[in-house]
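Single-structure report; data block below.
The values are calculated or read from the model by the stated rules, or taken from the named source; none is laboratory data. The shown structure was predicted, so the numbers you read here are calculated from the model rather than taken from an experiment. Positions of Cβ are backbone-derived with ideal geometry, glycine not excepted, and every protein chain shown enters the neighbour counts.
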Amino acid sequence: MSQLFDLSGRLALVTGSSRGIGRELARALANAGATIILHGRDEQRLAETAADFTSRYGEERVHSVCFDVTDDASVRENIAAIEKNIGAIRILVNNAGIQHRVPMLDLEVADWQRVIDTNLTSAFLVGREVARGMVERGEGKIINICSVQTDLARPTISAYTAAKGGLRNLTRAMTAEWAGAGLQINGIAPGYIHTEMTQNLVDDEKFNSWILGRTPAARWGTVEDLAGPAIWLASDGSNYVNGQTIFIDGGMSVVV
Ligand code: NDP
């Protein structure tokens, strides 16, 4: 691998990496040489993922932490513990997220809040705590996992759409505040990717054929499709890329 994309010796935290897209992003960064901190809420699932990673990459290069990304106190406590006991986080991927599908007229405020907290506020909470150390050290890469819904809206996912749009602008706000200290903060906006979160949509014949027709590449994305862009944004290959959100969506966002 070109040295430009070599992540050897760099410590990377990927939130929500116990499964789905986060797990694949963690694997991509580990394949590029990074030491990985896996993360999730479900201890059992996290332990299974950690065991798999350890068998591939060895004990020294795999750590795991369990905390709720929406809980300010827990985020502060866990990030401080990582920096003290494991090492300086040099790459952060804010990936943890949830969806809640319901027409806006039926959307309860508690559900609205949960979706905003998990998809948007979490990136502020984790990003702020990790950036404290990065700013002090004068370097660091943050990748915020947005969505094609960052720019496009569809019925029944209003809170998610609002959160992901906010996350794109939070990426810009982080850039405005921290780029001068040597940090690069960018976003990845995946299109429709086949994971646990979207399994029900893949199984829905009508929705599935809509996706295939609506996506110029005429297929669902796979978690592997996101690996290359993530390695690039985490590496020295992107050192002058600041505040951008890259759409990995088979062309969905550029056609009507
Ligand atoms: P999954 O549902 O497969 O995985 C979500 C991950 O986030 C899990 O590891 C889960 O941990 C974790 N998580 C959720 N809530 C919390 C929380 N409050 N605290 C800590 N961890 C939490 O989702 P995907 O892999 O499909 O999606 C990952 C990201 O990619 C999300 O931000 C999503 O919005 C975005 N995305 C997904 C697309 C898709 O098509 N799949 C398209 C565009 C964007 P646990 O198992 O412990 O609950």
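Which members of segment 32-55 meet the condition of being in a helix (DSSP H, G or I) and either within 11 Å of the ligand (Cβ to nearest atom) or not acidic (Asp, Glu) (or both)?
Taking segment 32-55 as the starting set, the residues that turn out to be in a helix (DSSP H, G or I) are 43-55.
Within segment 32-55, Glu43, Gln44, Arg45, Leu46, Ala47, Glu48, Thr49, Ala50, Ala51, Phe53, Thr54, Ser55 qualify.
Got at least one residue in segment 118-137 being outside any helix (DSSP H, G or I) and in contact with a Ser or Thr (Cβ under 8 Å, 6 or more places away or on another chain)? Lay out the reasoning, then the answer.
Taking segment 118-137 and keeping what is outside any helix (DSSP H, G or I), we get none.
Among the residues of segment 118-137, not one is outside any helix (DSSP H, G or I) and in contact with a Ser or Thr (Cβ under 8 Å, 6 or more places away or on another chain), which makes the answer no.
Going by what's in this entry, would Glu129 be described as acidic (Asp, Glu) and closer than 24 Å to Asn31 by Cβ? Please lay out each step first, then the result.
Values: acidic (Asp, Glu): yes; closer than 24 Å to Asn31 by Cβ: no.
No, not satisfied.
Here are some conditions: (1) within 13 Å of the ligand (Cβ to nearest atom); (2) of a type outside the set (A, V, I, L, M, F, W, C); (3) crowded, with 23+ Cβ neighbours inside 10 Å. Gly166 meets all but one. Which one does it not meet?
(3)
Could you check Val69 against (1) out of contact with any strand residue (DSSP E or B) (no Cβ under 6 Å at 6 or more places or on another chain); (2) surrounded by fewer than 18 Cβ atoms within 10 Å (Cβ to Cβ); (3) among the β-branched types (Val, Ile, Thr) and say which number it fails?
Going through (1) out of contact with any strand residue (DSSP E or B) (no Cβ under 6 Å at 6 or more places or on another chain); (2) surrounded by fewer than 18 Cβ atoms within 10 Å (Cβ to Cβ); (3) among the β-branched types (Val, Ile, Thr) one by one, Val69 breaks only (2).
A quick yes/no check of all residues on (1) farther than 23 Å from Gly165 by Cβ; (2) more than 10 Å from the ligand (Cβ to nearest atom); (3) modelled with pLDDT of 95 or more; (4) of a type in the set (Val, Ile, Thr):
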{"position": "Thr70", "(1), (2), (3), (4)": "no, no, yes, yes"}
{"position": "Val102", "(1), (2), (3), (4)": "no, yes, yes, yes"}
{"position": "Asp117", "(1), (2), (3), (4)": "no, no, yes, no"}
{"position": "Arg128", "(1), (2), (3), (4)": "no, yes, yes, no"}
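Quick one: what pairs do we get from segment 207-221, first residue within 17 Å of Arg101 (Cβ to Cβ), second hydrophobic (A, V, I, L, M, F, W, C), C-beta under 9 Å, 6+ apart or different chains?
Within 9 Å, the pairs are Phe207/Leu201; Asn208/Leu201; Asn208/Val202; Asn208/Trp220; Ile211/Leu201; Ile211/Val202; Ile211/Trp220; Ile211/Met252.
Return yes or no: is Glu24 of a type in the set (Asp, Glu), within 11 Å of the ligand (Cβ to nearest atom) and in contact with a helix residue (DSSP H, G or I) (Cβ under 7 Å, 6 or more places away or on another chain)? Explain how you work it out, then say what you get.
Numbers: of a type in the set (Asp, Glu): yes; within 11 Å of the ligand (Cβ to nearest atom): yes; in contact with a helix residue (DSSP H, G or I) (Cβ under 7 Å, 6 or more places away or on another chain): yes.
So Glu24 passes the test.
If we scan segment 223-232, do we find a residue that is aromatic (Phe, Trp, Tyr), more than 18 Å from Val256 (Cα to Cα) and more than 13 Å from the ligand (Cβ to nearest atom)? Spell out how you get there, then give the answer.
As a first pass, look at segment 223-232 and keep what is aromatic (Phe, Trp, Tyr): 232.
Filter again for more than 18 Å from Val256 (Cα to Cα), leaving 232.
After this cut, where a residue has to be more than 13 Å from the ligand (Cβ to nearest atom) as well, the list is 232.
The answer is yes, given that some residue of segment 223-232 is aromatic (Phe, Trp, Tyr), more than 18 Å from Val256 (Cα to Cα) and more than 13 Å from the ligand (Cβ to nearest atom).
With the condition kept exactly as written, say whether any residue in segment 151-164 is in a helix (DSSP H, G or I) and of a type in the set (Asp, Glu).
First, the residues of segment 151-164 that are in a helix (DSSP H, G or I): 158-164.
Still in the running and of a type in the set (Asp, Glu): none.
So far as segment 151-164 goes, no, none of its residues is in a helix (DSSP H, G or I) and of a type in the set (Asp, Glu).
Let's see how each residue does on (1) surrounded by 18 or more Cβ atoms within 10 Å (Cβ to Cβ); (2) not β-branched (Val, Ile, Thr):
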{"position": "Val126", "(1), (2)": "yes, no"}
{"position": "Glu136", "(1), (2)": "no, yes"}
{"position": "Asn144", "(1), (2)": "yes, yes"}
{"position": "Gln149", "(1), (2)": "yes, yes"}
{"position": "Ala162", "(1), (2)": "no, yes"}
{"position": "Thr171", "(1), (2)": "yes, no"}
{"position": "Thr175", "(1), (2)": "yes, no"}
{"position": "Trp178", "(1), (2)": "yes, yes"}
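Are any residues in segment 10-21 part of a strand (DSSP E or B) and away from the ligand (no atom under 16 Å from the Cβ), and if so, which ones?
Looking only at segment 10-21, we keep the residues that are part of a strand (DSSP E or B), and these are 11-14.
Selection gives Leu11 alone.
Search segment 131-146 for residues that are on the phi > 0 side of the Ramachandran plot and more than 16 Å from the ligand (Cβ to nearest atom) and pair each with any residue that is in a strand (DSSP E or B) and hydrophobic (A, V, I, L, M, F, W, C) when their beta-carbon atoms are under 9 Å apart and the residues are at least 6 apart or on different chains.
Hits for this filter: Gly138/Leu183; Gly140/Ile91; Gly140/Leu92; Gly140/Leu183; Gly140/Ile185.
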